[in-house]
Structure formats: structure tokens, C-alpha cells
């Protein structure tokens, strides 16, 4: 057998292997429901179901899951306590936090991201809503399958690439890099051949008057690094962010971004006049678009239908920014699943604005930035750690 045939057979065998899923929740109803959904998908396999973090932790090595859906509030050992202990036992484990939409749980979920969780899944408020919610089921299955690809070496759609890692200390919420026990050092390289680097355009000569950013999975951590790295440069322009997040979460995200940038930050309100040096975050459940009113750029919130299955969505923000600011837009597409933002990138480029996409190696998921890059309309495709400094340089007039 040739080396090429062996590689092909190994890839086929791995692709045929279902992603192994563990469900950890103190509700027997939720455990049963999620278990049925997982086992009902041919790409997934339920390998364990547990009532609390302690039992799950004791079973990690035996069950060997690729993905754990981890509830936050449980007796004996809660999800936040169990998370770092699980990651110490299995470094390449993908953990999705599950919680209802309370402020406390939103804070805990964002904290869990800094401790190594890959994403969060907001639960509907009641068990009856959990049972009947099509969106909840779709989101769980989509995230498990996409993020589960990390443990399978990137051989499924939406593949994951190794994230950056730093020293041994446990890092705070505003840091993008997970602690050492959460480093994905066990991830295998993809057998796919490297794709050609997408074409990029020259930067426009116009200095930006607004920065608009779109992100999803992995976005909260990436956004905080970008805001921290931009530094004082954003005193010159408003920054408008659409992160795929539910209500409550977006208000807390705005607070964290403000702390990271040391600038005023808030959930955008309908009619807010955009102020230089201020950060505006699209509220969960509403689209954020920009309009011109009496010569001033203002935020508008709409209750239009989801775009790309998302609400808020990035495309409406990007499209409206191009209409209001024309060639003076600087758009950034960070890590995230799907292709939201790609159409908006085309609109911004057509209007003469600039676009930066995060590169594949530093993205948790190279869906959104990958789709943006593949339009051929980006001006740069950069590692996360270079995006903030590049924005600062552009705002300072240093890129022409």
C-alpha cells in the first residue's frame, strides 16, 4: 500500500468515527433530551451522561469524550469547578458550558472561557422551552460537531486549528490564551493539503472614521485582546462590535471590553450618537445598524429576522457602516462559525473601505474569517496578536 493510500485510509477511518460526547447536567430531563439529540446524529455518539461534575470528572479517562456539554449549576461539584480539573485530565478536551440566561451565569460562562472552555450554550428558561426549542437543538448539535473537530485533527467541516498558549499561570478573563492545563497540545495536524493563501488588496489611502468588528465562537477572548492591543488609538474613532451572543451576555461583554481597552463601553442603545473613543456592542436578540441623522452617525436597533441564523448578525452592521462611512470604514472579522460578515465584507470593499480577517492558525474556528478571506476583498489576513497593533497603526495614518 502506498503512503498516499495509507493517508487516505486513515482519514476515511477517522471521519467514520463519531465524535464522542459526554453530557453533564443535574436535570435528568435535560440529560435525557441532550443524549437523544446526540445519539440521533450519525456523526455523534453519547459515551456518558452524569448528574454532577465530580462523577463526570471521575469518568473522563474511562469514557474518553471528545466534547463535554457541562452545566454550570450542579450539586457536589459545579461546572466551573469541574472545568479546569477535566482539562488537566485531558488536554485536548472540548468543553461547552451550558447555562440559563441570568447575569450570574453569563459572568460564569465568560469566566469559563478564560479557563479553557471553548464556547457556551444558553439554555432556554424552562424545561418545556428546552424541549420545544428548534434553535437550541440546532445550536448544540452544530457547536458539538464543529468544535468536536478539534479532537479529530480537523477532518470535519469547520475544523479547528491549534490555539496559542502561554505560561503556566491561570490567566484572567481579559486574556485570550488559556492556562497551561487547557492548552490543546494534543491536537493532531490536519491531513488536508494547505489551501492557497487568499489574495489581498492594497489598503485605501483614507484614514478610517469608524472600526466595525464581527465575531462569534472564540470572539469574547479575541475581542478583548484586540481592544487591549489597540491601546489609545481608539480615542480617535468609535468602535462598533457585533458578537454572536444572547441577551445579558452582551451587556457583560461590553463591560469587559471597556476594561480591556480602558475606554467607555456599553450595549448600543437605539439612537446613540457614536462618539470617538467609545465602544458599542450589539445587544443580544437585536440587529445593530448605523444610520446618519443630521450629519451624525447613530446606532439603530432592529428586530428584523435573523440573518445567517444569527441575531445580532454581522452583515447588517457591515452593510450599514459602508453606507454611512463609505471608504472611511475599517472592518475586522474575528474567529467564528459560519460565514456571517462575508457579504458585508464585499459591500465595504466595494465602497473603498478596508477589511482585516483573522488568520486560520490563531482562530478557534476559521469559519467567518475564512469566508471573509475567500472573498478576495480583504486587505490583510493576520494572526490575532497582530490585529490590534495593525489597527492602531492604520488609525495613526501609518498604513498607506
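The values are calculated or read from the model by the stated rules, or taken from the named source; none is laboratory data. The shown structure was predicted, so the numbers you read here are calculated from the model rather than taken from an experiment. So basically every Cβ, Gly included, is an ideal-geometry build from the backbone, and we count neighbours across all protein chains shown.
Odds and ends about this structure:
- The range 13-108 holds strands (runs of 3 or more DSSP E) entirely within its bounds, and those carrying 3 or more residues that are modelled with pLDDT under 95 map to 94-100.
- Residue satisfying all of: in the range 239-264; touching a residue at least 40 places away in the same chain (Cβ under 8 Å) and over 22 Å from residue 311 (Cβ atoms); surrounded by the most Cβ atoms within 10 Å (Cβ to Cβ) among these: 260
- Listing of strands (runs of 3 or more DSSP E) fully contained in the range 220-332 that carry 2 or more residues being more than 23 Å from residue 349 (Cα to Cα), over 17 Å from the mean Cα position of the chain (by Cα) and assigned by TED's automatic domain parsing to the domain that holds residue 349: 265-267, 296-302
- Scanning the range 38-64 for residues that are touching a residue at least 60 places away in the same chain (Cβ under 8 Å) and either buried (at least 19 other Cβ atoms within 10 Å of the Cβ) or not assigned by TED's automatic domain parsing to the domain that holds residue 98 (or both) yields a count of 2.
- Residue list for the range 365-385, filter: closer than 24 Å to residue 307 by Cα and out of contact with any helix residue (DSSP H, G or I) (no Cβ under 8 Å at 6 or more places or on another chain): 366, 369, 370, 373, 376
- Restricting the range 215-235 to residues that are touching a helix residue (DSSP H, G or I) at 6+ places or on another chain (Cβ under 7 Å) and closer than 11 Å to residue 263 by Cβ, the residue that is surrounded by the most Cβ atoms within 10 Å (Cβ to Cβ): 227
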